[in-house]
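S.K.: Sharing a structure with you now.
Derivation of every value follows stated rules applied to the coordinates shown; laboratory data play no part. Nothing here was measured: the structure is a model prediction, and the numbers come from that model. All Cβ positions, glycine included, derive from the backbone under ideal geometry; neighbour counts span all protein chains shown.
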């Protein structure tokens, strides 16, 4: 096998052992359950991963092989002696743009052992001009086999690459950051928590914000009185029907006040 050839995966029943470009423990190969959801991230900063994705329930699910993470270093596909990945914008202007030929090599490497069908394995570029990252989008991605995420830098990427590879553009919000790594981690976190067996309580993803188009109702816990403030009595009444009615009313009021756009959409669906 040549040094540049990808290492094959080895299957052991429901567990497959797949070498990662940057394993969390260099002495061990990560265990991945057969059919587990996978995320491939193309980035200039592979050391940024897993980051927060290695913590808490998401990190535990990664250790258990419920999902898999593979980082592909864009610099490995750089051109020339200095492995250049960018160049000046055509037509002039400030900043630098990631080169089409470099991105092509990285995307082709990421496409190895993934379905060609973009409905099963989308390719997403994290971009401030993309469609908003919504709960509906995360649910769709959770139903896929996996996703390839392209983290941009500088002034962005060559448009020809986005068109040629049929790449979706997704935005974390109406603001600009220095790169797509944080947005990629946010997207992965939002998808992985929707996967089976990741959260201990499956009802958690049913009653939270955006699950039915509304923002979530307020939450309370012990102590019963804090700084002179009491938990609303209905929540300690034991009347589950009244609790449900109170929570729905609160969710509607909060959504109407804070997110008129969501409230209008919810009314349209309801009507």
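S.K.: Counting helices only, and only those DSSP H runs with n ≥ 4, report the 222 nm mean residue ellipticity of the chain as the sum of -39,500 (n - 2.57) divided by its residues, in deg cm²/dmol to the nearest 500.
M.R.: Working: 7 runs with 76 residues, N = 271.
My calculation for the chain gives -8500 deg cm²/dmol from helical runs alone.
S.K.: Defining a contact as two alpha carbons under 8 Å apart and six or more residues distant in sequence, what relative contact order in percent does the chain show?
M.R.: Details: 395 pairs, mean separation 41.0, N = 271.
Reported relative contact order: 15 percent.
S.K.: So how far apart, in nm, are the two label points at residue 175 and residue 76 if each is 7 Å from Cα heading toward Cβ?
M.R.: 3.3 nm
S.K.: For the chain, modelled as a GNM with alpha-carbon contacts under 10 angstrom, which of 91, 156, 143 fluctuates the most?
M.R.: Of the options given, 91 has the highest mean-square fluctuation.
S.K.: With the crude spin-label approximation of a point 7 Å out along Cα→Cβ, what separation in nm comes out for residue 55 versus residue 112?
M.R.: Once both label points are built, they end up 3.3 nm from each other.
S.K.: Round to the nearest 10 and give me the degree value, 0 to 90, for the angle of helix 181-192's Cα axis relative to the longest principal axis of the chain.
M.R.: 60 degrees
S.K.: Packing-wise, with mean Cβ within 10 Å as the measure, how do 131-137, 60-66 rank, highest first? Mind showing how you got there, number by number?
M.R.: On the way: 131-137: 14.1, 60-66: 17.3.
Top to bottom by mean Cβ count within 10 Å: 60-66, 131-137.
S.K.: Tell me the angle of helix 240-258 to the major Cα principal axis of the chain, expressed in degrees between 0 and 90 and rounded to the nearest ten.
M.R.: 60 degrees
S.K.: Which of [x] 25.9, 96; [y] 19.8, 64; [z] 22.1, 71 is the computed Rg and Dmax of the Cα atoms in Å for the structure on display?
M.R.: The value matching this structure is [z].
S.K.: With the crude spin-label approximation of a point 7 Å out along Cα→Cβ, what separation in nm comes out for residue 221 versus residue 90?
M.R.: 5.5 nm
S.K.: Antiparallel DSSP bridges in the chain: what percent, to the nearest 5?
M.R.: Numbers: 12 of 34 bridges.
Bridges in the chain are about 35 percent antiparallel.
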